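These notes are about the structure you will find just below.
The values are calculated or read from the model by the stated rules, or taken from the named source; none is laboratory data. The structure displayed is predicted, hence computed values, not measured ones. We place every Cβ from the backbone using ideal geometry, glycine too, and count neighbours over all the protein chains shown.
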Amino acid sequence: MMDRQDVIFGYGAAGRAIAERLAAAGRAVLIAQRSRPDDLPAGMEFIRCDVLDRAAVVNAAAGAARIVIATGFTYDTTVWERCWPQAMANFLAAAEATGAPTLFFDNLYMYGPQEGPIRESTPFTPWGGKPAVRRAISEMWQEASNQGRVRMSALRVSDFYGPGVTNSHLGESLFGRLAAGKAVQFAMPIDHPHDVAYLPDAARAAQQLLDAPEDAWGQVWHMPCAKTRTLREIVIIAAAAMGRTPRIQTIPAILQPVLRMAVPILREVHDIRFLFDRPYQIDATKFTARFSLDVTPIDVGVAETARHFLSVANPQADAA
């Protein structure tokens with residue numbers, strides 16, 4: 001194993017995008033998760049690691065130049081409540097043992113329902129379920145950072161989309177279904193303005209934070225988003241890029257209480273309904289004032305993502 005690698009915990013869509021950027025910049029990259037990715041690029045190292053096993057996490061991070069936390073768990077509140085605090089405690093142990101700067105690729109659930117633009121200084125609103133879990137682990141790493149035990153920051157990213165992003169509110173249920181000629185399905189309102197992030201942009205932002213000087217660490221940074229659109233507008237743009245008719249299916253609010261008893265995913269999105277039942281705007285002025293990052297316009301990013309999903313759904317047509 002090479003010394004002084006950038007160790008990335010998790011090789012889902014976010015971990016993959018960050019790893020590719022770091023490798024392209026000449027960094028040595030080590031991917032740590034339970035199973036070896038089938039498509040791990042040549043030149044990247046891999047170590048088997050269960051993030052719920054502290055010894056395994058500390059071992060994987062040994063000799064790290066920098067650490068990235070891009071781990072994900074099954075989208076289930078019970079799983080999050082059990083796994084995230086233990087995983088964060090293990091990541092903090094590794095960060096403290098190595099002294100390596102550590103970046104947490106985070107979301108924004110912890111703020112709960114807000115009525116205006118969400119800033120890094122916005123107080124958390126008490127809210128149960130997954131937002132409470134994210135609030136708890138945020139407090140864990142920020143306390144460790146304030147105590148000087150770790151050098152850690154978080155890049156908090158709104159719902160993200162992009163080529164290869166499937167497990168997202170803007171993933172398979174939107175782009176994948178359009179590419180397959182099916183109606184897009186939503187379990188939430190779709191006509192409120194809602195900030196979304198393009199994953200390749202978020203990977204660039206993560207790289208900038210990893211390369212940032214000492215004074216940028218120990219902080220929360222919000223990921224800049226392109227001009228706010230509604231989910232309906234995003235579907236229309238994606239459908240046009242695919243040459244599809246934008247068909248949309250939504251679940252009426254009056255039916256959701258009954259359906260939640262039978263459909264697990266409806267129960268799981270209920271505790272983050274505040275993301276969609278009102279305008280959702282992320283203020284990333286802090287990031288843009290410090291770093292240079294031109295985000296991809298929605299029309300461009302959505303069209304690129306749509307073409308990717310279409311090529312995956314119709315590989316013969318793409319080859320022709």
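Criterion applied to 91, 124, 73, 104 was being touching a residue at least 60 places away in the same chain (Cβ under 8 Å), on the phi < 0 side of the Ramachandran plot and hydrophobic (A, V, I, L, M, F, W, C), and the one residue passing it is 91. Can you tell me how many residues within region 3-56 are over 24 Å from residue 87 (Cα atoms), in contact (Cβ under 8 Å) with a residue 60 or more places away in the chain and in a loop (DSSP other than H, G, I, E, B)? Of the residues in that region, 1 qualify.
Whether any residue in region 71-82 is more than 18 Å from the chain's Cα centre (by Cα), crowded, with 16+ Cβ neighbours inside 10 Å, under 23 Å from residue 21 (Cα atoms) and of a type outside the set (Asp, Glu) is what I want to check. Scanning region 71-82 turns up no residue that is more than 18 Å from the chain's Cα centre (by Cα), crowded, with 16+ Cβ neighbours inside 10 Å, under 23 Å from residue 21 (Cα atoms) and of a type outside the set (Asp, Glu).
To keep it simple, each residue is scored yes or no on (1) assigned to a helix (DSSP H, G or I); (2) of a type in the set (Val, Ile, Thr); (3) over 17 Å from residue 239 (Cα atoms); (4) at pLDDT below 95.
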site: 295; (1), (2), (3), (4): no, yes, yes, no
site: 303; (1), (2), (3), (4): yes, no, no, no
site: 306; (1), (2), (3), (4): yes, no, no, no
site: 317; (1), (2), (3), (4): yes, no, yes, yes
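Out of 148, 164, one residue alone is touching a residue at least 60 places away in the same chain (Cβ under 8 Å) and surrounded by fewer than 18 Cβ atoms within 10 Å (Cβ to Cβ). It is 164.
Of the residues 73, 105, which single one is assigned to a strand (DSSP E or B) and not aliphatic (A, V, I, L, M)?
Just a single option satisfies the conditions, and that option is 105.
Please determine whether any residue of region 220-228 is over 24 Å from residue 127 (Cβ atoms) and under 18 Å from the mean Cα position of the chain (by Cα).
yes
Give the residue, chosen from 204, 260, that is modelled with pLDDT of 95 or more, crowded, with 17+ Cβ neighbours inside 10 Å and among the charged types (D, E, K, R). Exactly one residue qualifies, and that residue is 204.
Considering 153, 145, which residue is farther than 30 Å from residue 238 by Cα, hydroxyl-bearing (Ser, Thr, Tyr), part of a helix (DSSP H, G or I) and out of contact with any Asp or Glu (no Cβ under 9 Å at 6 or more places or on another chain)?
145
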